[in-house]
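Quick note: the coordinates plus some simple rules give every number you see, no bench work behind them. Note that this is a predicted model, so its numbers are computed, not measured. No Cβ is skipped: glycine too gets one built from the backbone with ideal geometry, and neighbour counts run over all protein chains shown.
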Amino acid sequence: MDAESVTALLDVLNDRGVDPGVGGGWADDALLGEQTREHADLDLWVPAACLEQLFVAFAERGVDRVLPWPGDRPWNFVLHDGMRLRVDLHLYEALPDGSLHYGSVINGLVFPAGALGGQGAIAGSATRCEAAEWAVRWHTGYPPRAVDRHDVPLLCERFGIELPDAFG
């Protein structure tokens, strides 16, 4: 996905009151303030309560198909337009203590709201994204792929974060 498509999708979501947070590779590049590699999709963190507004906004842009993907779950699935736009959704809920819940009731993940409090820019457009420490953390816990080996050292160097062992 190109930067223009990403910012257009973010704009339509913000116009609908969705308040998306960029995740994955685009979050890494947003934090770095420049596109450092190609991206196949856009990872988005979205409040589950905004799902209806998201569906309406995406349908207006043609992003109206579910792309079956290994590991799909009700809180994490991929939508696409049948051609070049692909969005990997991560739905979360705010808890009464201000933390965020992602995943199932039985074995979900709870993390601080600040994890999605990063500020960056995509093609010069300011965007909310994962905080740098969390962006690095979410690249761990599985064998690093080529994109992880590209992104993580850049983030660690820029933000003074210790390089995780799997990347050393």
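Of note:
- Amide H to amide H, with H built 1.01 Å from N, Cys129 comes under 5 Å of Val22, Gly118, Gln119, Gly120, counting only residues 5 or more places away or on other chains.
- Of all DSSP beta bridges in region 44-128, antiparallel share, percent nearest 5: 85
- Gain in span if fully extended, His150 to Arg137, counting 0.36 nm per residue against the direct Cα distance: 3.2 nm
- Cut-off under 5 Å, modelled amide H: who pairs with Tyr92 long-range: Val46, Ala48
- Estimated FRET transfer efficiency when R0 is 30 angstrom, pair Ala40-Ala166 (beta carbons, to 0.05): 0.85
- Efficiency of FRET between Phe111 and Asp81 - r from beta-carbon atoms, R0 22 angstrom, step 0.05: 0.15
- Between Leu67 and Glu157, the contour length at 0.36 nm per residue exceeds the alpha carbon distance by 28.9 nm.
- Label-to-label distance, Asp15 versus Ser99, with points set 7 angstrom from Cα along the beta-carbon direction: 3.8 nm.
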